[in-house]
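As structure tokens, the structure follows; a few thoughts come after it.
The values are calculated or read from the model by the stated rules, or taken from the named source; none is laboratory data. Keep in mind it's a predicted model, so treat the numbers as computed, not measured. Cβ sites come from the backbone with ideal geometry, for glycine too, and all protein chains shown count toward neighbours. To get the accessible areas, we keep the full protein, side chains included, count just its heavy atoms, and leave off ligands, DNA and RNA. Shrake-Rupley method; radii C 1.70, N 1.55, O 1.52, S 1.80 Å.
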Amino acid sequence: MNLVAVICAGLVGGAALLGCSGEEQITTSGASGPLPSFGHVVLVVEENADYASVIGNPSMPYLNSLARQYGLATQYHADTHPSIGNYFMLTAGQVVTNDDGYSGTVDVDNIVRELIAAGKTWKSYAEDLPSVGYIGPSEGNYARRHNPLSFFSDVVNDPTQRQNLVPFSWFATDLADQSLPDYAFVVPNLCNDGHDCGLSTADSWLKTNIGPLIESPTFQRDGLLIITFDEAHSDATGGGGRVAWVVVSPKAKRGYQSAATYGHESTLRLTAQALGLTTYPGAAGSASNMSEFFQQ
């Protein structure tokens, strides 16, 4: 039985969301090749959900529709528990800390450092961030532990770079003005990322706020969007459990699924490589290439 048949057989309810009613599905074991170049990379991180609770879940029709139309990694694993170490792996290639209450400054190599060195622009769009440039503790529905770029010395110690820490409300404005940065890290609040509210809330938020990005001419020209989860809720496979990872791009293969094993360090490598960077922080330097998801 092939991978698609296994997935379809194992789903209850929302199976059609994965294209289990006859649509062509491509599966692979991780063949790699050259990666296309991209003008804009957007990374959205959701919270605390096992792969099986997301993929095929009728409460998440929008994310499942993207998984069906574009690319889905079926064996993607987070690196650790709890949250904060996974966010650092996505941006610095190392766990750094497993203390969700961490408030120090991180001086290791990271995506911001490499973007600045390459002359690329970046922003972290954090929902409910108290103010532009805020590097203080969590407040209300804003969780600093989900905003890793706010910890890096390249940002904390540079007043100019701190101005790239902005409230998520800026995202729609930048999109409308065609002024999105080269690299965007998107941080929904504790309700809309699925941490404190149901997955249906997270899915609705994605449709409302990320749907316009996908449909925009800017994105359709050269965009790359990755939506993943920081860690699984009840699984520790691979360190942080098996989670959903979906890629959307006009340059992505359609209806593509991969059974190759990947982790957050591979996403870091992909986001850097997609923007033409040649130095990858931490474990991203030796991580698996994810170019198989894209048209050659």
Separation of the residue 158 and residue 234 label points, Cα + 7 Å toward Cβ, nm:
4.4 nm
Please compute, over every Cα-Cα pair in the chain, the percentage with a separation greater than 27 angstrom.
34 percent
Just subtract the alpha-carbon distance of residue 286 and residue 220 from 0.36 nm times their residue separation and send over the number in nm, one decimal.
20.7 nm
Per-residue HN-Hα couplings for region 228-244, Karplus 6.51 cos²θ - 1.76 cosθ + 1.60 at θ = phi - 60°, whole Hz, x for Gly and Pro?
9, 10, 5, 7, 7, 7, 9, 9, 10, 4, x, x, x, x, 7, 10, 6
If the convex hull of the alpha-carbon atoms of region 180-296 is projected onto planes in all directions, what is the mean projected area in square nanometres?
8.2 nm²
Amide H to amide H, which residues 5 or more places from residue 122 or on other chains are under 5 Å from it, using H placed in the peptide plane?
182, 183
Whole-percent carbon and sulfur contribution to the accessible surface of region 58-148 (1.4 Å, no ligands, DNA or RNA) stands at 47 percent
Distance in nm between pseudo-label sites at residue 117 and residue 254 (7 Å out along the Cβ direction from Cα):
3.9 nm
Hey, what number do you get for the chain at 222 nm if only DSSP H runs of n ≥ 4 count, each worth -39500 (n - 2.57), divided across all residues, to the nearest 500?
-7500 deg cm²/dmol
I need the phi-derived Karplus couplings for region 95-107: 6.51 cos²θ - 1.76 cosθ + 1.60, θ = phi - 60°, integer Hz, Gly and Pro marked x.
5, 6, 7, 10, 9, 5, x, 4, 9, x, 9, 9, 10
